[in-house]
1. Is it the case that V60 is farther than 24 Å from L122 by Cβ and either among the acidic types (D, E) or within 16 Å of the ligand (Cβ to nearest atom) (or both)?
2. Being in contact with a Leu (Cβ under 6 Å, 6 or more places away or on another chain) and polar (S, T, N, Q) is the filter; apply it to region 162-206 and report the residue that is nearest to A226 (Cα to Cα).
3. In region 220-247, how many are charged (D, E, K, R), more than 20 Å from the chain's Cα centre (by Cα) and open to solvent by less than 90 Å² (accessible area, probe 1.4 Å)?
4. If you check S100, S154, which single one turns out to be touching a Ser or Thr at 6+ places or on another chain (Cβ under 8 Å), open to solvent by 30 Å² or more (accessible area, probe 1.4 Å) and touching a residue at least 12 places away in the same chain (Cβ under 8 Å)?
5. Wholly within region 1-72, which helices (runs of 4 or more DSSP H) include no fewer than the required count, namely at least 3 residues that are open to solvent by 60 Å² or more (accessible area, probe 1.4 Å)?
6. Of all residues in region 194-212, how many are open to solvent by less than 30 Å² (accessible area, probe 1.4 Å), in a loop (DSSP other than H, G, I, E, B) and either of a type in the set (V, I, T) or in contact with an Asp or Glu (Cβ under 7 Å, 6 or more places away or on another chain) (or both)?
7. What residue, of Q217, Q150, Q174, is within 13 Å of the ligand (Cβ to nearest atom), more than 30 Å from A30 (Cβ to Cβ) and among the polar types (S, T, N, Q)?
Amino acid sequence: MQSIASVTAKVIVLTGASSGIGEATARHLARQGHYLYIGARRLDRLTALQDELRAEGGHVEAVQLDVTRPEDLQAIVSQAHAAHGRIDVLVNNAGVMPLSPLAALKIDEWNRTLDVNVRGVLHGIAAVLPIMQAQGQGHIVNIASVGAHQVWPSSAVYCASKFAVRAISDGLRQETDAIRVTLVSPGVVESELADHITDETTRAAMRDFRRIALPPQAVAQAIAYAIAQPDDVDVSELIVRPTASPY
Ligand SMILES: NC(=O)c1ccc[n+]([C@@H]2O[C@H](COP(=O)([O-])OP(=O)(O)OC[C@H]3O[C@@H](n4cnc5c(N)ncnc54)[C@H](OP(=O)(O)O)[C@@H]3O)[C@@H](O)[C@H]2O)c1
């Protein structure tokens, strides 16, 4: 007799799984019995997570990738498709947040933010869309932010990238009647995201802004909720904030 987990198991490609929300999501979905293909640049972290989850009986493949390279997304999707003959879900989670005021002119950081947060999401969509269209089903989950709904000083480029992810998600949702599209917008979550801010004033301001934070598991559960709905139910948007935070 098949277990419940194997009956409902989906083939899921997840980017940004080497820390924070992606790592928690990989744990959560693997423990639900799904077939996971987890990607990021830090292969050592991915492999440690893969080994930990396999030791529990999870089906996890670690794949090194950089979302700014479309061929890397094609490769992880091809690997999953070759093994299972289908791709059920893509979670576009990889992201960066090197916040600064525009006047600091951190042009390289602006470009990196757009390359990872916007182009990275598009590269993921490009890799799965033809397969999902041919299947007549599929689910693309894009991780945005409360910064997809509101702008703060020092966050203009990051918020622009997340507003773009929101626009892309809603456009994609309207263009297809077979593929589910979900935008998950977290408030502040404990992770490494703010560790890479190079602007000292913004780093200090972020310490207060990020004082109240959700555990990443809370966002993992929101993603899993959207995935678990039937094919004809599209949870198109979820905003998940810490109860005690105004942000
Ligand atoms: N934490 C929050 O407060 C918060 C709030 C709202 C939205 N979010 C969003 O949640 C998502 C996950 O962030 P997090 O909070 O979990 O931060 P995190 O701990 O810094 O994780 C970011 C992940 O993205 C990966 N990544 C970065 N650049 C990449 C690239 N070029 N190619 C492939 N992977 C890349 C990182 O892996 P490697 O470095 O190994 O590549 C890491 O796994 C992001 O989209 C973020 O904008 C977070």
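1. On the way: farther than 24 Å from L122 by Cβ: yes; either among the acidic types (D, E) or within 16 Å of the ligand (Cβ to nearest atom) (or both): yes.
The answer is yes for V60.
2. Per the stated criteria, the residue is S169.
3. Residues that pass the stated criteria total 0.
4. On the way: S100 fails: open to solvent by 30 Å² or more (accessible area, probe 1.4 Å).
Step by step, each of S100, S154 is checked, and only S154 is touching a Ser or Thr at 6+ places or on another chain (Cβ under 8 Å), open to solvent by 30 Å² or more (accessible area, probe 1.4 Å) and touching a residue at least 12 places away in the same chain (Cβ under 8 Å).
5. Numbers: elements: 4-8, 20-31, 43-55.
Filter on region 1-72 gives 4-8, 43-55.
6. The total comes to 1.
7. On the way: Q217 fails: more than 30 Å from A30 (Cβ to Cβ); Q174 fails: within 13 Å of the ligand (Cβ to nearest atom).
On inspection, the qualifying residue turns out to be Q150.
Per-residue answers, yes or no, for (1) aliphatic (A, V, I, L, M); (2) more than 15 Å from Y37 (Cα to Cα):
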position: D72; (1), (2): no, no
position: I76; (1), (2): yes, no
position: V89; (1), (2): yes, no
position: S100; (1), (2): no, yes
position: E109; (1), (2): no, yes
position: T113; (1), (2): no, yes
position: Q133; (1), (2): no, yes
position: H149; (1), (2): no, yes
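The values are calculated or read from the model by the stated rules, or taken from the named source; none is laboratory data. Remember, predicted model here, so these are calculated numbers, not experimental data. Please note: Cβ atoms are built from the backbone with ideal geometry, for glycine as well, and neighbour counts cover all protein chains shown. Heads up: the accessible areas ignore ligands, DNA and RNA and are worked out on the full protein's heavy atoms, side chains in. Shrake-Rupley method; radii C 1.70, N 1.55, O 1.52, S 1.80 Å.
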